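Read-outs: derived from the displayed coordinates by stated rules, not from any lab. Owing to the predicted nature of the structure, the values given are computational and were not obtained by experimental measurement. Here Cβ is always computed from backbone atoms with ideal geometry, including for glycine, and neighbour counts include all displayed protein chains.
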Amino acid sequence: MTRLTTEEIRIGVIGAVVVALVALLPFFDNGFYLSLTVNIMLYAALCTAWTLFSGPTHYVSLATAAFFGIGTYAVGLGIDHLPFPVLVGVGAVAAALLAGIVGAATLRISGVYFVVFTLGLAELVRQLVSWSQSKFTGRMGLYVFTDIREMHILWMLLALTVVVFLTGWLINRSRLGFAMEIIGNDETVAKHSGIDTARAKILLFMISGAFIGIAGAIMAPRYAYIQPPSAFNPMISFLVVIMALLGGTKRLWGPLVGVIPFTILMDIVSSRFPNHTYIVMGIAFLAIVYLLPNGVTGRLEQLRERLRHRQPKPEAVSEEKPA
Amino acid sequence: MSTPALTVNAARKQFGGLVAVNDVDFEVREGELLGLIGPNGSGKTTMLNLISGALKPTAGEIRLGAERISGKSPHEIAQKGVARTFQLVRVLPSMSAERNVMAGAVFGHARLWGDEARDVARDLLARVGLEKRAHLPVSALTYIDQKRIELARALASNPKLLLLDEWLAGLNPSELQIGISLIEELGNEGRTIIMVEHVMDAIRALCDRCVVMNTGHKIAEGEVGAVLSDPEVMRAYLGDDEDA
Ligand SMILES: Nc1ncnc2c1ncn2[C@@H]1O[C@H](COP(=O)(O)OP(=O)(O)OP(=O)(O)O)[C@@H](O)[C@H]1O
Ligand SMILES: [Mg+2]
């Protein structure tokens, strides 16, 4: 449990190369491709953070917009008083606290109620923010003026995604990761083996929520003018679910396979056919659920398994070797 | 006399109108192998569920050593030192045999981690005769092997009290012999065990004492031979036939 496997080293090297290439992009393009890559990085960060929790627990959270908006608002409210990095931290903590409260209230109940509750929560938070903003400030939004530019946002989102991956990898090697694996297999066995299942799930939901809050905070300077409908846009929650499910949530890198094509697709749809985004999302969602219930990566794994069974290698059957 | 390992004091569990465990009292002494027997539906599994925290008693008290455990959640009770197997075997299907057993070592009473947990798991797999299958996914194992995994997982937490719910059920005669000698070894090592069992030969061979339940009540308790020849116990098993 302490040494790195060759598989891990290979993934690490590939990951480092990809990260370096993305980080160099702003030196080659500052227009369309940079902006598209920022969108892709945003959803890469959001989807992996979402999968951190929803992958092992199979709970579908639609609270992404709530955590994201809280991060955005932390920056919007504080940018005139505190340095940006501090506000990112505030956003993370606030989102984690909200996740903790929601988790404590709902993670003991079944998955269906959890979906509905998280959707309702995101809406409630948005309404609360709208209401208090118009009541106390009399304005509809907040200005965020910084010297943070598109490329800085790209680098921050890239760094965030790397941190999410490292966190996921560390969790997998920790007691929490082992607990989640057991819970995913049989929750009754987990409890009777001594695992506080509610606490484990809440902790994971808080970690995931904190990362989503950070993503929201990083994006605040890009919006320049923040309003509840855009910061707490429920589209974010749905897009994250669709992309993560398209890619597959069994592995932490699974969602990336969905994020890249789908962000590009949504980019084309929203610029050419702006009135049809919801239809495309709806169709995509149905198609994924019916055709690819385990996502693209799940499907590929299935095919690989099937190929392996068709041509069994002689050494694969010798079960006497403990390896 | 020293404090019993487990004290069950007027434990009661009601499901709507049905009283599945009706004010049952008994004690388990340190190092004792206690049999819990009774006809189908008499409340044995429910009694184990009350002890392990899967169900909360409607009334009554259960103490592990001097400490009250009734009302606590299953994970707290497991950490305090109660481990169990399930009547319908429950393994962690996507995980290897070794990781199944490590689950008990890591999160249960012993709370080990890393190599320590792995060593305990390997030792126990060897002990239940599965060392060669340590790296197979347990879904590929036979029924008896899955039962062995469950026992090893429970033992991995080094429990103060081990609850076995019909662990010998469904084994063929030769497997039964292996199973009985395995439990006998545990008893000789001084483990405190409650075993629910329908296999009377096993109860006779293994237990010092037994408790008999019928329709939620405790109807007899004591030395195995005496209890099994008690007319009320024979009536419970054979129906209301007086001459049984
Ligand atoms: N969760 C539950 N809800 C309602 N009734 C239950 C529940 N669990 C058990 N019962 C009922 O309580 C009674 C005792 O069941 P229990 O499983 O404890 O019996 P048992 O002695 O273990 O039987 P067996 O030897 O068949 O395993 C039965 O009538 C059963 O139907
Ligand atoms: Mg039973």
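Observations on the model:
- Ranked A:TYR223, A:TYR113, criterion: other C-beta atoms within 10 Å, fewest first: A:TYR113, A:TYR223
- In order through region A:225-232: 3J(HN,Hα) via Karplus (6.51 cos²θ - 1.76 cosθ + 1.60), integer Hz, x for Gly, Pro: 10, 9, 10, x, x, 8, 5, 9
- Relative to the longest principal axis of the Cα atoms of chain A, helix A:32-57 runs at roughly 60 degrees.
- For region B:93-159, dividing the convex hull volume of the Cα atoms by the residue count gives 67 Å³ per residue.
- DSSP-defined beta bridges in chain B - what % are antiparallel, rounded to 5: 60 percent
- Over the residues of chain A, the helix contribution to mean residue ellipticity at 222 nm works out to -25500 deg cm²/dmol, using -39500 (n - 2.57) for each DSSP H run of at least 4.
- On Cα atoms only, tilt of A:197-223 relative to the major axis of chain A in degrees: 40 degrees
- Beyond 25 Å in Cα-Cα separation lie the following of the pairs B:LYS147/B:LYS218; A:LYS191/B:LYS44; B:LYS72/B:LYS160; A:LYS250/B:LYS80; B:LYS44/B:LYS132; B:LYS44/B:LYS147: B:LYS147/B:LYS218; A:LYS250/B:LYS80; B:LYS44/B:LYS132.
- Cα Rg, Dmax, chain B, angstrom units: 17.8, 60
- Three principal axis extents of region A:79-215 based on alpha-carbon atoms, in descending order, are 53, 34, 21 Å.
- 10 Å Cβ neighbours from other chains, averaged over peptide A:183-191: 6
- 5 angstrom amide H check on A:ILE148, placed H, neighbours 5+ away: none
- Cα-based helix-to-principal-axis angle, A:64-78 vs chain A, degrees rounded to 10: 40 degrees
- Counting, for every residue in B:65-77, the Cβ atoms of other protein chains within 10 Å of its Cβ and taking the mean gives 2.
- Stokes-Einstein, applied to the Kirkwood radius of region A:1-156 over Cα pairs at a viscosity of 1.306 mPa s and 10 °C, places its translational diffusion at 87 µm² s⁻¹.
- Shielding score for B:84-96, defined as the mean number of other chain Cβ atoms within 10 Å: 3
- Exposure proxy order (Cβ contacts within 10 Å, fewest to most) of A:MET281, B:MET234, B:MET195: B:MET234, A:MET281, B:MET195
- Convex hull volume of the C-alpha atoms in the protein assembly as shown, normalised per residue: 203 Å³.
- Sorted by Cβ density within 10 Å, fewest first, the residues B:LEU238, A:LEU36: B:LEU238, A:LEU36
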